[in-house]
1. If you put +1 on each Lys and Arg Cβ and -1 on each Asp and Glu Cβ, how big is the dipole of the stretch 182-235 around its Cα centre, in Debye rounded to 20?
2. Hey, fewest Cβ within 10 Å first, where do His224, His91 land in order?
3. As an exercise, use a Förster radius of 35 Å and the Cβ-Cβ distance of Asp32 and Lys103 to find the FRET efficiency, rounded to the nearest 0.05.
4. Please compute the net charge surrounding Leu196, taking Lys and Arg as +1 and Asp and Glu as -1 over other residues with Cβ under 12 Å from its Cβ.
5. Of His43, His73, His214, how do they rank once you tally other Cβ atoms within 10 Å and put the fewest first?
6. How large is Rg over Rh for the chain, taking Rg from the Cα atoms and Rh as the Kirkwood inverse mean of 1/r across Cα pairs?
7. How tilted is helix 124-134 with respect to the longest principal axis of the chain? Cα atoms for both, answer in degrees (0 to 90, nearest 10).
8. Tally the DSSP beta bridges in the chain and give the antiparallel ones as a percent, rounded to 5.
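All of the numbers you see were taken from the coordinates with simple rules; none came from a lab. Since we're looking at a predicted model, the values are computed, not measured. Note that we place each Cβ from the backbone using ideal geometry, even for glycine, and neighbour counts take in every protein chain shown.
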Amino acid sequence: MNNQYQTGVQPPQQFQQPQSRQRPIMAIRGIDKVYHQGEREIHVLKGVSVDLFKGEAVALVGPSGSGKSSLLHILGLLDKADDGKVYLSGHDCTDFNDAQRTKMRRSEIGFVYQFHQLLPEFSALENVIIPQLINGHTRKTAEQRAKVILDFLGLADRLTHRPNAMSGGEQQRVAIARGIANEPAVLLADEPTGNLDPNTADRVFQQLMGLIRHTGLAAIIATHNFELANKMDRVLQLQDGQIYSYVPQR
Ligand SMILES: Nc1ncnc2c1ncn2[C@@H]1O[C@H](COP(=O)(O)OP(=O)(O)O)[C@@H](O)[C@H]1O
Ligand SMILES: [Mg+2]
């Protein structure tokens with residue numbers, strides 16, 4: 001396994017750190033993704049490169065169908081690109097087999113979906129404990145950690161509630177808690193507030209940002225909401241299969 005790589009790309013100025021810490025926690029290079037639908041080819045990503053640095057909260061914006069989810073799935077090792085390289089936490093994951101990808105994903109990646117995808121038969125607490133048990137933590141450690149995160153997200157009095165006994169905002173906060181339960185290096189969120197009313201979306205977004213800042217995670221959050229996107233450190237705009245990166249003016 002080759003875990004040495006050089007990207008040659010400098011982080012945005014506000015993230016420039018001592019030389020030894022300048023390596024991105026996650027990087028992709030020249031990613032291509034094509035879907036085939038019958039005769040039709042949909043070329044969603046055309047040589048996309050992205051660097052993500054520790055502590056960064058990055059927005060991913062673009063019209064519906066522009067490839068945000070496709071990109072997040074490739075970054076999150078849930079899907080493979082047709083071409084290009086994927087680096088995560090110092091490893092070249094491009095040619096990982098399924099078992100290696102799963103192992104890497106479990107320890108290094110947290111994923112939050114637009115629709116919470118919580119296990120309906122389990123409580124909020126169990127939903128945050130289970131991925132930690134799968135990752136090899138003891139029940140005691142997992143439960144302690146789940147409680148700390150759920151408390152941080154204002155859900156201390158919802159621990160025993162099942163998903164269908166919680167509001168949309170609460171369900172998404174549990175999904176966020178689950179996403180960071182295994183202390184991933186990177187949190188990827190696919191329109192995590194897209195299904196919430198504007199006020200709730202705003203609150204959940206604030207809590208998500210608070211959590212990112214508190215833990216020092218690196219995060220990429222796909223959103224339709226430019227107002228939210230402009231509150232993040234950097235914006236990646238997907239358009240016609242290409243990425244444009246800018247720092248929002250405030
Ligand atoms: N599994 C798939 N098979 C075929 N086409 C797909 C598949 N997944 C996504 N697409 C197409 O790729 C394009 C990008 O989709 P997606 O990544 O979901 O965009 P976004 O998340 O920005 O809305 C869309 O045109 C979509 O229809
Ligand atoms: Mg999508």
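1. In total the dipole reaches around 180 debye.
2. Lowest to highest Cβ neighbour count: His224, His91.
3. Working: r = 25 Å, r/R0 = 0.72.
Once the sixth-power term is evaluated, E becomes 0.90.
4. -2
5. Ordered from fewest to most neighbouring Cβ atoms within 10 Å, His43, His73, His214 come out as His214, His43, His73.
6. Values: Rg = 17.9 Å, Rh = 18.6 Å.
The Rg/Rh ratio comes out at 0.96.
7. Roughly 50 degrees between the two axes.
8. For the chain, the DSSP antiparallel bridge percentage is about 55.
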